[in-house]
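Worksheet: the structure to be examined is printed underneath.
The values are calculated or read from the model by the stated rules, or taken from the named source; none is laboratory data. Source: prediction; values computed, not measured. Here the Cβ is made from the backbone with ideal geometry for all residues, glycine too, and neighbour counts use every protein chain on show. What goes into the accessible areas is simple: the full protein's heavy atoms, side chains included, and nothing from ligands, DNA or RNA. Shrake-Rupley method; radii C 1.70, N 1.55, O 1.52, S 1.80 Å.
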Amino acid sequence: MNSPVAADLVLVNGRVWRGLGLGIAEAIAFFGGRVLATGTSREIGTLVGPKTRVVDLAGRLATPGLNDAHMHLIPYGTAMSEVDLRPRAAPTLAALKEAVRARAAATPKGEWVVGRGWDQFKLDTGIYPTREDLDAVAPDHPVYIVRTCGHLSVCNSLALQRAGIDETTPSPPGGLIERRDGKLTGMLAENGRDAVLAAMPRASVDELVGSIERGGRSLLSHGITSCMEAAVGIRDGWLEMLAYQKAHRENRLPVRVYATLMGDKGRSVLPQAMEAGMITGGGDERFRIGPVKIFTDGSAGGRTAAMTKPYLGEGEEYGILCLEAEELNAMVLAAHRAGYQMAVHAIGDAAIDQVLDAYEAALADTPDPDRRHRIEHCGWLRPDQMERLVANHILPAPQPAFIYWFGDLYRTVLDDARVFASHPMGTWIERGLHPSASTDCPVVEIDPFANLYTMVTRKTERGTVIGAEHVLSIEEALHAYTYASAYAAHEETIKGRLLPGQLGDVAVFDRDLLAIAPEEILETRCDLTVLGGALVYEREGAAA
């Protein structure tokens, strides 16, 4: 008997993981951008019509499209055209300097040279680059190079001059302008970077749309169909929102985006968003307004995450709190009363204390048990803070891949007890907090497989096991990357599982993640990506 509906696309002869606890199907059909049905290949075959595209999975694994719950899509796309200073591209100080020199040679004098991705822990010198290092290779260009974490930067003398920073310039509240023996080193941290960022030229809307397109296409090639843009306005203000709107109108937005609104003082886009009537949840299934983003501290690897116990080393360093508690409380309360979800960056336990205080006060003022305020990163929390998360259903938004890429570095800056207890995915799951999975890209690679690998092994890039008690099953790890990421955006009813009526977003991999040894996860590749029931990415020959 012929079906009354002919599918637009069907995937057959595979292993279709529908979601945690939902079992495996052999085939899946899509119609009108959504999942039509799952079942055996024979059952789904009845939905094939004369115009249906049929793809033979040949035993491959299909899962719900991955959802990176915290990454920076515009900065990621922009970084593709900046100087690549990641360890694999510039493993030595000499290589870093040569990369800057080469870009300066190809850039008109006086124009900015911007790079990203260096990590002093992985440089041959083991220390930060300096102003003098950059002056030596690009004296006629302002140079600004960003550490992998995005919280520290090094500038050359011309960049500092353009920003009006000299030896007499004090470090601002919540920031650092580093000096040694009274001389500027070029290193700037947190709010200490603001003057340089203000001196840099703004991108155009068209350039930002180009970044969105480049970044989005890269996500699709990894099976990532949704992401949270973690701070619209972080560098180019309201122009970034205008770019997203243009990309969406012109069908140049490759992935689904949950757009976080930058809410920091001095660079907030919240006034414009409120004037435009943009509130959390507004928009459509391709582009939706998300929470308000505020920064309270820095990064653990950069020693700027705010801790209640000091970092290892001489002296007593506790990191940097970017805001006074009273300021944060007022900012959170105003946004909460206006109806926004919050997504406040807090990595160290001192910053997490500050955010929990602000959330608790706001929820006491205006109760909303399902607002799902988030703490972005939330990596270094204490057991008493876990209880406070549970009491108000405040969601952690961690990056398990930080353990893979930075875990060995963490052991040089913090004691093992804190390192091993960090990013406790299993405990968060047990306590009903739906921890999502994300990369914070371009802080680390967008590739999801390091994230999945670390969730099921707790191993670093060097093979060090950090906190084995927090290991997840592969299905729990996939659940974090799909359903839990949707839950963090109030979208679990439309995405994150392959159920009839949910969005037709699927990733197909060349290896069966549910069956292979953990070490093989790192070698896995995405073969096909389906978005809205249409094949939008195909690794060469993968759909044959």
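Cα centroid distance between the range 463-510 and the range 417-436, in Å?
Here the answer is 15 Å between Cα centres.
Kirkwood Rh and Cα-based Rg: tell me the resulting Rg over Rh for the range 59-198, rounded to two decimals.
Answer for the range 59-198: 1.05.
Once a ≥ b ≥ c are taken as the square roots of the eigenvalues of the Cα gyration tensor of the range 327-449, is the result rounded (a/c under 1.5), prolate (a/b larger than b/c) or oblate (a/b not larger than b/c)?
On the way: a/c = 1.89, a/b = 1.72, b/c = 1.10.
Prolate.
Mind ranking 453-463, 195-205 by how tightly packed they are, going by the mean number of other C-beta atoms within 10 angstrom, highest first? Walk me through the numbers before you get to the answer.
Details: 453-463: 20.5, 195-205: 15.3.
By packing density, highest mean first, the sequence is 453-463, 195-205.
With everything on Cα atoms, drop me the angle between helix 93-105 and the longest principal axis of the chain, reported from 0 to 90° to the nearest 10.
It is inclined by approximately 90 degrees.
Shape verdict for the range 496-538, please, from the Cα gyration tensor: rounded (a/c under 1.5), prolate (a/b greater than b/c) or oblate.
Oblate is the answer for the range 496-538, as a/c is 1.5 or above yet b/c matches or exceeds a/b.
Hand me the tally of lysine pairs in the chain: alpha carbons under 29 angstrom apart, and the pair either on different chains or 8 or more positions apart.
Close lysine pairs found across the chain: 16.
How big is the dipole moment of the range 301-340 about its Cα centre under a simple scheme where the beta carbon of each Lys and Arg is +1, that of each Asp and Glu is -1, and everything else is neutral? Debye, nearest 20, please.
Here the range 301-340 has a charge dipole of around 240 debye.
Place a +1 charge on the Cβ of each Lys and Arg in the range 180-283 and a -1 charge on the Cβ of each Asp and Glu, then give the dipole magnitude about the Cα centre in debye, rounded to the nearest 20. Intermediate results must be reported in sequence, preceding the final value.
Values: 13 positive and 12 negative charges, 34 e Å.
So the dipole magnitude of the range 180-283 works out to roughly 160 debye.
Among rounded, prolate and oblate, which fits the range 450-529 when a ≥ b ≥ c are the square roots of the eigenvalues of its C-alpha gyration tensor, a/c under 1.5 means rounded, and a/b larger than b/c means prolate?
oblate
Using a 1.4 Å probe on the protein heavy atoms only, what accessible surface does D124 show? Give it in Å² to the nearest 10.
Estimated to the nearest 10 Å², D124 gives 100 Å².
Would you be so kind as to identify which of P170, G186, I212 lies farthest towards the positive end of the dipole of the range 120-236, taking Lys and Arg as +1 and Asp and Glu as -1 on Cβ and the Cα centre as origin?
Checked the options; the winner is I212.
Using a 1.4 angstrom probe, figure out how much accessible area the chain has per residue, in square angstrom, rounded to the nearest whole.
37
Whole angstrom only: what separates the Cα centroid of the range 345-362 from the Cα centroid of the range 35-111?
33
If one takes the longest principal axis of the Cα atoms in the chain, at what angle in degrees, from 0 to 90 and to the nearest 10, does the Cα axis of helix 325-337 lie?
30
Whenever you get a sec, compute what percent of the accessible area on the chain sits on carbon and sulfur atoms (1.4 Å probe).
Exposed carbon and sulfur together represent 53 percent of the surface.
Work out the length of the dipole vector of the range 388-483 about its Cα centre, built from +1 on the beta-carbon of each Lys and Arg and -1 on the beta-carbon of each Asp and Glu, and round it to the nearest 20 debye.
Dipole of the range 388-483, to the nearest 20 debye: 220 debye.
Would you work out which of H248, A102, I294 lies farthest towards the positive end of the dipole of the chain? Charges go on Cβ: Lys and Arg +1, Asp and Glu -1.
About the Cα centre, the residue reaching furthest to the positive side is H248.
Helix 205-220 against the longest principal axis of the chain: what's the angle in degrees, Cα atoms only, rounded to the nearest 10?
The angle comes out at about 50 degrees.
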